[in-house]
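See structure below.
The values are calculated or read from the model by the stated rules, or taken from the named source; none is laboratory data. It should be emphasised that the depicted structure is a prediction, and the values quoted were computed from it without experimental measurement. No Cβ is skipped: glycine too gets one built from the backbone with ideal geometry, and neighbour counts run over all protein chains shown. Each accessible area value is taken on the protein alone, full model and side chains, heavy atoms only, with ligands, DNA and RNA left out. Shrake-Rupley method; radii C 1.70, N 1.55, O 1.52, S 1.80 Å.
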Amino acid sequence: MAIQFKPETLCVQAGWTPKKGEPRVLPIYQSTTFKYETSEQMARLFDLEDSGYFYTRLQNPTNDAVAAKIAALEGGVAAMLTSSGQAANFYAIFNICQAGDHFVCSSAIYGGTFNLFGVTMKKLGIEVTFVSPDASEEEISAAFRPNTKALFGETISNPSLEVLDIEKFARIAHSNGVPLIVDNTFPTPINCRPFKWGADIVVHSTTKYMDGHATSVGGCIVDSGNFDWDAHAEKFPGLCTPDESYHGLTYTKAFGKGAYITKATAQLMRDLGSIQSPQNSFLLNLGLETLHLRMPQHCNNAQKVAEYLSKNDKVAWVNYCGLPDNKYYALAQKYMPNGSCGVISFGLKGGRDVSIKFMDSLEFIAIVTHVADARSCVLHPASHTHRQLTDEQLMEAGVRPDLIRLSVGIENADDIIADIEQALG
Ligand SMILES: *Cc1c(COP(=O)(O)O)cnc(C)c1O
């Protein structure tokens, strides 16, 4: 491409560039398999000597076009779609960690990721140490061991809405010879591009703003191509020494900057198979075409709602990094000057029972287990996702009993505020 496209153009144009007579709109390649003329042609694909499609568990043209769009938006060299954000996070770590390895992770992360890393991956022999993202560089570095292979954090954590100091995390990761992996689900590349600040790998739950319409669960991993695996070859044998399941091919030698994503596709996706369906990636692509229009509307609406809530005397507290008195305001201004995301959390005076009454009184703002979709919605973790916990246990988990998570949609801000106001009444 001659023109260096800006994000708005990439949202609409990247990934699919049809040639003469081909469909203008990205087609859904609803096919498990692809045809070849000779047995030899097919054999070369299996040896990774030629690139081409043969089976949708490994690669599919619809999925690859959408992955290429997300890679372009993040400024990365390659990307892979997965069946969910959970699968993306699992593969991102498992691609460079094996039994006996360890990684360091911010404690301010999505609950599903916390379980995956702290409980399920432990059963595979991979250990994690959680650190406060606000701790000093010395404290976080102290969690590193000789077998540590990665550092992980969320740009804006779900649901605690803490903002990651990406440059600080990148410095710590690199001085310990490991990559920084950032879950960039909440800001999306429209509001933050972590590679610019030193992150090496970005993961997404595309289920959220990227899809944006609550139609499809999905995930994505993007590689910046910047991490020098060979410079730390002893830590990353999976990338830097021959893969016996591919006739002794070495990913960094054969694929250079494409090594990490090629290994994730050719080895992990081949063996574990958590692919995104082409139908879902088609829907994801429709969402991406308007991501640059929806994100500013989510952010403007959330800012207005947060300001309204912070002035209301029935509201005990409001957490939104766009409010100047927020602990993360300065970091949010640095990393996301055009807006952060549409998710706010707040508490009402009177606690848990009042929160429930408030939510039941909302008219169009719906109670759903979801965030980051075009429609405004709320969730009360103490009554829903964390309902088995006592108030004391909730506080230990960092979830206040009165916390309401409000995902502000792209409706008219005055209507959203009117619904909140009548429910507060
Ligand atoms: C939702 C979410 C996930 C998990 O994604 P799924 O698509 O639901 O599997 C991971 N990280 C963050 C930040 C999320 O919000």
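Could you tell me the distance between the Cα centroids of region 245-262 and region 116-163, to the nearest Å?
For region 245-262 versus region 116-163, the Cα centre distance is 27 Å.
Given a cut-off of 26 Å, what percent of all Cα-Cα pairs of region 1-140 lie beyond it?
Counting pairs separated by more than 26 Å, the tail of P(r) holds 48 percent.
Helix 291-311 versus the longest principal axis of the chain: what angle, 0 to 90°, nearest 10, using Cα atoms?
Compared with the principal axis, the helix lies near 30 degrees.
Which residue, chosen from Val128, Leu249, Asn147, occupies the Cα position most advanced towards the positive end of the dipole of region 7-286, where the dipole is computed from +1 (Lys, Arg) and -1 (Asp, Glu) charges on Cβ about the Cα centre?
The listed residue farthest towards the positive side: Leu249.
Give me the 1.4 Å probe accessible area per residue for the chain, excluding ligands and nucleic acids, in Å².
Each residue of the chain exposes 43 Å² on average to a 1.4 Å probe.
Build a GNM of the chain with springs between Cα atoms under 10 Å: which of Pro189, Pro159, Pro324 gets the top mean-square fluctuation?
Maximum fluctuation in the GNM of the chain, among the listed residues, is at Pro324.
Among 72-81, 326-335, 36-45, what's the highest-first ranking by average C-beta atoms within 10 angstrom per residue?
Going from most to least packed, we get 72-81, 326-335, 36-45.
For the chain, which whole-number percentage of the solvent-accessible area (1.4 Å probe, protein heavy atoms only) is attributable to carbon and sulfur atoms?
Within the chain, the accessible surface is 52 percent carbon and sulfur.
Cα-based Rg of region 116-268 per 2.2 N^0.38 Å, rounded to two decimals?
1.08
For helix 61-74, report the angle its Cα long axis makes with the longest principal axis of the Cα atoms of the chain; keep it between 0 and 90° and round to the nearest 10°.
So the helix axis and the longest Cα principal axis differ by about 60 degrees.
Among Pro278, Pro242, Pro61, which one shows the highest mean-square fluctuation when the chain is modelled as a Gaussian network with alpha-carbon springs under 10 Å?
Its mean-square fluctuation being the largest, the pick is Pro242.
Applying the Karplus parametrisation 6.51 cos²θ - 1.76 cosθ + 1.60 with θ = phi - 60° to the phi angles of region 181-195, what ³J(HN,Hα) value in whole Hz is obtained for each residue in order, glycine and proline being reported as x?
10, 10, 7, 9, 4, 6, x, 6, x, 5, 9, 8, 10, x, 4
May I ask which residue of Leu73, Ser175, Pro324 lies farthest towards the positive end of the charge dipole of the chain, with charges of +1 (Lys, Arg) and -1 (Asp, Glu) on Cβ and the Cα centre as origin?
Checked the options; the winner is Leu73.
Quote the convex hull volume per residue of region 7-286, based on C-alpha atoms, as a whole number of Å³.
Residue-normalised Cα hull volume stands at 124 Å³.
Given charges of +1 on the Cβ of Lys and Arg and -1 on the Cβ of Asp and Glu, with all other atoms neutral, how large is the dipole of the chain about its Cα centre, in debye to the nearest 20?
Using Cβ point charges on Lys, Arg, Asp and Glu, the chain gives about 440 debye.
Report the extension gain between Leu389 and Arg24 in nm, rounded to one decimal, defined as 0.36 nm multiplied by the number of residues separating them, less their alpha carbon distance.
The span from Leu389 to Arg24 would gain 126.2 nm if fully extended.
Would you calculate the separation in nanometres between label points at Thr9 and Arg44, each defined as 7 Å from the Cα along the Cα-to-beta-carbon direction?
The modelled label-to-label distance comes out at 3.5 nm.
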